[in-house]
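Colleague: Dumping the structure here so I can ask a few things about it.
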Amino acid sequence: MRKIGVLTSGGDAPGMNPGVRAVVRTAIYRGLEVVGIRRGYAGLLDGDLKPMQLESVGDIIQRGGTFLYTARCLEFLTEEGQRQGYERLQKEGIDGLIVFGGDGSFRGAQKLHQLGIRTIGVPSTIDNDIGACDANIGFDTAVQTAIEAIDKIRDTATSHERTYVVEVMGRSAGHIALAAGLAGGAESVLIPEVPYKLEDVVAKLKRGVARGKKHSIIVVAEGAGQGGEIGRYIEQHTGFDTRVTVLGHVQRGGAPSAADRVLASRLGAHAVDLCLQGISGHMAATVNHELTSVPFDEVFASHRQPSLPVYQLADILST
Ligand code: ADP
């Protein structure tokens with residue numbers, strides 16, 4: 001192997017930059033040429049490629065987002081698009097590809113692997129729903145952002161004796177909501193993986209107020225319901241002054257946390273080494289903190305579920 005490509009695809013995640021930095025610097029250290037492919041698979045098809053040097057990835061370890069840009073590319077969903085991507089890589093002499101992204105990006109990477117390109121995925125999504133590994137790059141930072149917001153909301157909730165519904169991201173996964181809800185001391189955490197009844201949420205709120213609670217925070221994952229609707233229901237059924245905050249895309253930005261920088265650096269470097277070992281169609285991962293790799297098929301079959309004991313703990317601690 002002589003030359004590898006690296007791209008970031010799908011939703012951006014804080015930590016992609018330190019991850020790409022690790023790929024570029026490890027590859028050069030191992031004597032490889034590296035090409036950065038901008039805007040994910042869209043840039044691959046357009047030929048938006050840039051040779052990377054050691055200094056190309058200077059001063060990005062602390063930056064959120066992805067300096068390679070990211071995109072969603074409908075054309076790459078077609079066999080014709082995938083073949084074009086394969087041909088572009090062949091033409092450029094790129095024989096290994098490292099893809100930072102989520103489940104969708106890995107499905108695209110799997111297609112290139114099947115066409116004969118040595119391909120390794122690096123799990124990068126704030127949703128943390130890619131299973132078969134300890135954690136996904138970006139999740140730790142996103143939870144930290146959510147907690148900082150919840151702490152601030154708590155200040156005003158206390159001052160005004162209000163109930164707040166805070167809607168957090170996660171698409172169909174409740175990982176951010178559960179971690180932020182537990183760490184932020186929320187009264188209730190609503191996630192798509194565990195059925196809930198709003199009557200129960202209301203009953204718990206009323207018990208809290210009867211006991212003297214001055215404020216309450218309900219954290220809801222975007223996949224479990226709309227914050228606005230839940231807020232209206234709670235206000236109508238309790239009479240409590242209730243406000244709603246939708247955190248939205250602030251959770252995708254910001255400097256990557258130390259944990260995300262370490263994870264991204266380890267996985268990016270490991271992805272290069274896996275490529276050099278001839279492994280393809282795998283995700284670079286840590287399992288029990290040890291570096292390993294997992295075939296994409298196993299990754300697709302193992303959607304991560306939130307821990308039920310942690311969910312129950314959040315409930316017990318907020319009684
Ligand atoms: P994420 O990687 O964050 O889950 P998406 O699901 O939007 O994000 O996927 C990112 C991109 O990966 C898509 O825009 C598309 O180009 C490519 N992709 C997604 N699913 C497939 C698939 N089944 N086959 C080939 N490419 C795919």
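The values are calculated or read from the model by the stated rules, or taken from the named source; none is laboratory data. Note that the structure is predicted; figures quoted are calculated from it, not measured. Heads up, the Cβs are rebuilt from the backbone with ideal geometry, glycines too, and the neighbour counts pull from every protein chain shown.
Colleague: For the structure I just gave you, tell me whether TYR69 is closer than 30 Å to THR141 by Cα, surrounded by fewer than 22 Cβ atoms within 10 Å (Cβ to Cβ), within 14 Å of the ligand (Cβ to nearest atom) and hydroxyl-bearing (Ser, Thr, Tyr). Explain how you work it out, then say what you get.
Modeller: Values: closer than 30 Å to THR141 by Cα: yes; surrounded by fewer than 22 Cβ atoms within 10 Å (Cβ to Cβ): yes; within 14 Å of the ligand (Cβ to nearest atom): yes; hydroxyl-bearing (Ser, Thr, Tyr): yes.
Considered against the rule, which asks whether it is closer than 30 Å to THR141 by Cα, surrounded by fewer than 22 Cβ atoms within 10 Å (Cβ to Cβ), within 14 Å of the ligand (Cβ to nearest atom) and hydroxyl-bearing (Ser, Thr, Tyr), TYR69 comes out as yes.
Colleague: Let me ask another. Which residue out of THR125, THR141, THR145 is out of contact with any Ser or Thr (no Cβ under 6 Å at 6 or more places or on another chain) and within 21 Å of THR245 (Cβ to Cβ)? So that I can check it myself, show each step before the final result.
Modeller: On the way: THR125 fails: within 21 Å of THR245 (Cβ to Cβ); THR141 fails: out of contact with any Ser or Thr (no Cβ under 6 Å at 6 or more places or on another chain).
Matching residue, one of THR125, THR141, THR145: THR145.
Colleague: A follow-up question, please. Need the failing condition index for ALA210 against (1) in contact with a His (Cβ under 7 Å, 6 or more places away or on another chain); (2) without any contact (Cβ under 8 Å) to a residue 24 or more places away in the chain, just the number.
Modeller: (1)
Colleague: Another question, then. Wholly within segment 178-281, which strands (runs of 3 or more DSSP E) include no fewer than the required count, namely at least 2 residues that are touching an Asp or Glu at 6+ places or on another chain (Cβ under 7 Å) and over 30 Å from VAL34 (Cβ atoms)? It would help to see each step written out before you state the result.
Modeller: Values: elements: 188-190, 216-221, 242-246.
Once the strands (runs of 3 or more DSSP E) in segment 178-281 are filtered for at least 2 residues that are touching an Asp or Glu at 6+ places or on another chain (Cβ under 7 Å) and over 30 Å from VAL34 (Cβ atoms), what remains is 216-221, 242-246.
Colleague: What are the residue pairs meeting all of these: first residue in segment 69-86, first residue within 10 Å of ALA42 (Cα to Cα) and touching a residue at least 12 places away in the same chain (Cβ under 8 Å), second residue of a type in the set (Val, Ile, Thr) and more than 7 Å from the ligand (Cβ to nearest atom), Cβ atoms under 9 Å, and 6 or more apart or on different chains?
Modeller: The qualifying pairs are THR70/THR8; GLY85/ILE117.
Colleague: Do we have any residue at all in segment 34-57 that's away from the ligand (no atom under 16 Å from the Cβ) and of a type in the set (D, E, K, R)?
Modeller: Yes: one or more hits.
Colleague: Looking only at segment 1-15, which residues are among the aliphatic types (A, V, I, L, M) and either closer than 21 Å to LEU45 by Cα or at pLDDT below 95 (or both)?
Modeller: First pass over segment 1-15, keeping only residues among the aliphatic types (A, V, I, L, M): 1, 4, 6-7, 13.
Within segment 1-15, MET1, ILE4, VAL6, LEU7 qualify.
Colleague: Among the residues of segment 10-27, write down those that are outside any helix (DSSP H, G or I) and over 19 Å from ALA109 (Cβ atoms). Lay out the reasoning, then the answer.
Modeller: Going residue by residue through segment 10-27, those that are outside any helix (DSSP H, G or I) are 10-15.
PRO14, the sole residue that qualifies.
Colleague: Next question. Report every pair of residues separated by at least 6 positions or lying on different chains whose Cβ atoms are under 9 Å apart, first residue within segment 100-125 and under 21 Å from GLY64 (Cα atoms), second among the aromatic types (Phe, Trp, Tyr) and more than 8 Å from the ligand (Cβ to nearest atom).
Modeller: If the second residue must be among the aromatic types (Phe, Trp, Tyr) and more than 8 Å from the ligand (Cβ to nearest atom), the pairs left are ASP103/PHE300; GLY121/PHE100; GLY121/PHE296; VAL122/PHE100; PRO123/PHE100; SER124/PHE100; THR125/PHE139.
Colleague: For the structure I just gave you, tell me whether ALA149 is within 17 Å of the chain's Cα centre (by Cα) and either in a loop (DSSP other than H, G, I, E, B) or over 18 Å from ASP48 (Cα atoms) (or both). Break it down into steps so the answer makes sense when it comes.
Modeller: Details: within 17 Å of the chain's Cα centre (by Cα): no; either in a loop (DSSP other than H, G, I, E, B) or over 18 Å from ASP48 (Cα atoms) (or both): yes.
It is false that ALA149 is within 17 Å of the chain's Cα centre (by Cα) and either in a loop (DSSP other than H, G, I, E, B) or over 18 Å from ASP48 (Cα atoms) (or both).
Colleague: Here's another thing I want to ask about it. Given HIS282, HIS289, HIS270, which one is assigned by TED's automatic domain parsing to the domain that holds GLN114 and exposed (fewer than 15 other Cβ atoms within 10 Å of the Cβ)?
Modeller: Values: HIS282 fails: exposed (fewer than 15 other Cβ atoms within 10 Å of the Cβ); HIS270 fails: exposed (fewer than 15 other Cβ atoms within 10 Å of the Cβ).
Being assigned by TED's automatic domain parsing to the domain that holds GLN114 and exposed (fewer than 15 other Cβ atoms within 10 Å of the Cβ) holds for just one of HIS282, HIS289, HIS270, which is HIS289.
Colleague: Restricting to segment 219-243, count the residues that are of a type outside the set (Asp, Glu), over 14 Å from MET169 (Cα atoms) and surrounded by 13 or more Cβ atoms within 10 Å (Cβ to Cβ).
Modeller: Step one: filter segment 219-243 for residues of a type outside the set (Asp, Glu), giving 219-221, 223-228, 230-234, 236-240, 242-243.
With the extra rule that they be over 14 Å from MET169 (Cα atoms), the set shrinks to 228, 230-234, 236-240, 242-243.
Restricting the remaining residues to those that are surrounded by 13 or more Cβ atoms within 10 Å (Cβ to Cβ) gives 230-234, 237-238, 240, 242-243.
So the count comes out to 10.
Colleague: Is it the case that GLY96 is away from the ligand (no atom under 15 Å from the Cβ), buried (at least 20 other Cβ atoms within 10 Å of the Cβ) and within 24 Å of ILE130 (Cβ to Cβ)?
Modeller: On the way: away from the ligand (no atom under 15 Å from the Cβ): yes; buried (at least 20 other Cβ atoms within 10 Å of the Cβ): yes; within 24 Å of ILE130 (Cβ to Cβ): yes.
In short, yes.
Colleague: Residue under question is GLU80, and the condition is that it be within 12 Å of the ligand (Cβ to nearest atom) and either among the charged types (D, E, K, R) or surrounded by 17 or more Cβ atoms within 10 Å (Cβ to Cβ) (or both); does it hold?
Modeller: Details: within 12 Å of the ligand (Cβ to nearest atom): yes; either among the charged types (D, E, K, R) or surrounded by 17 or more Cβ atoms within 10 Å (Cβ to Cβ) (or both): yes.
Here the answer is yes, as GLU80 does meet what is asked.
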